[in-house]
1. Counting only residues that are out of contact with any Phe, Trp or Tyr (no Cβ under 6 Å at 6 or more places or on another chain), buried (at least 16 other Cβ atoms within 10 Å of the Cβ) and either under 11 Å from His4 (Cα atoms) or hydroxyl-bearing (Ser, Thr, Tyr) (or both), how many does the range 69-83 have?
2. In the chain, which strands (runs of 3 or more DSSP E) lie fully inside it and hold 1 or more residues that are among the small types (Gly, Ala, Ser)?
3. Which pairs do you get when a residue that is open to solvent by less than 80 Å² (accessible area, probe 1.4 Å), found in the range 29-43, comes within reach of a residue that is in a loop (DSSP other than H, G, I, E, B) and hydrophobic (A, V, I, L, M, F, W, C), reach meaning Cβ atoms under 7 angstrom, with the pair 6+ apart or on two chains?
4. Looking at (1) at pLDDT 95 or above; (2) at negative phi, can you tell me which one Gly38 breaks?
5. Against the conditions (1) farther than 18 Å from Glu20 by Cα; (2) open to solvent by less than 60 Å² (accessible area, probe 1.4 Å); (3) at pLDDT below 95, where does Gly86 fall short? Just the number, please.
6. Take Tyr97 and tell me if it is in contact (Cβ under 8 Å) with a residue 60 or more places away in the chain, of a type in the set (Phe, Trp, Tyr) and open to solvent by 40 Å² or more (accessible area, probe 1.4 Å).
7. Only one of these is in contact with an Asp or Glu (Cβ under 7 Å, 6 or more places away or on another chain), modelled with pLDDT of 95 or more and not polar (S, T, N, Q): Tyr97, Tyr72, Tyr60. Name it.
Amino acid sequence: MIKHIVMWNVRGETAQERDESALFVKSRFEALAGLIPGMRCLEVGVDVSGVDYACHVVLYSEFETQQALDAYASHPEHLRIRQELGDIRITRHQVDYIPQGV
């Protein structure tokens, strides 16, 4: 198993616009649940802390293998969502790791 975590900041002039952008990103990625072979789970959260150093959105997912994660990166539905979101995401951070004992 491999875990794939991505965090973004999103575009918006006001807090309300950023909240709307974050919810848009969340809804689009949640639509991938059940569509990606080898994806064990998918969870998308929107930050509620409000601290200035927090990212706005986080995606947490688990894949059966590295190959499944690699296939996700080029899966047509994933690519469609990335295109649909365009430049709404202004920063991106990612960590992929294999949990201990797996």
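The values are calculated or read from the model by the stated rules, or taken from the named source; none is laboratory data. It should be emphasised that the depicted structure is a prediction, and the values quoted were computed from it without experimental measurement. Neighbour counts are summed over all protein chains in view; Cβ atoms, including those assigned to glycine, are modelled from backbone coordinates with ideal geometry. Side chains are part of the model used for accessible areas, which takes the heavy atoms of the whole protein and leaves out ligands, DNA and RNA. Shrake-Rupley method; radii C 1.70, N 1.55, O 1.52, S 1.80 Å.
1. 1
2. Once the strands (runs of 3 or more DSSP E) in the chain are filtered for at least 1 residues that are among the small types (Gly, Ala, Ser), what remains is 39-46, 57-63.
3. From the range 29-43, the pairs are Leu42/Leu32; Leu42/Ala33.
4. Exception for Gly38: condition (2).
5. So the condition that Gly86 fails would be (1).
6. Details: in contact (Cβ under 8 Å) with a residue 60 or more places away in the chain: yes; of a type in the set (Phe, Trp, Tyr): yes; open to solvent by 40 Å² or more (accessible area, probe 1.4 Å): yes.
Yes: the conditions hold for Tyr97.
7. Tyr60
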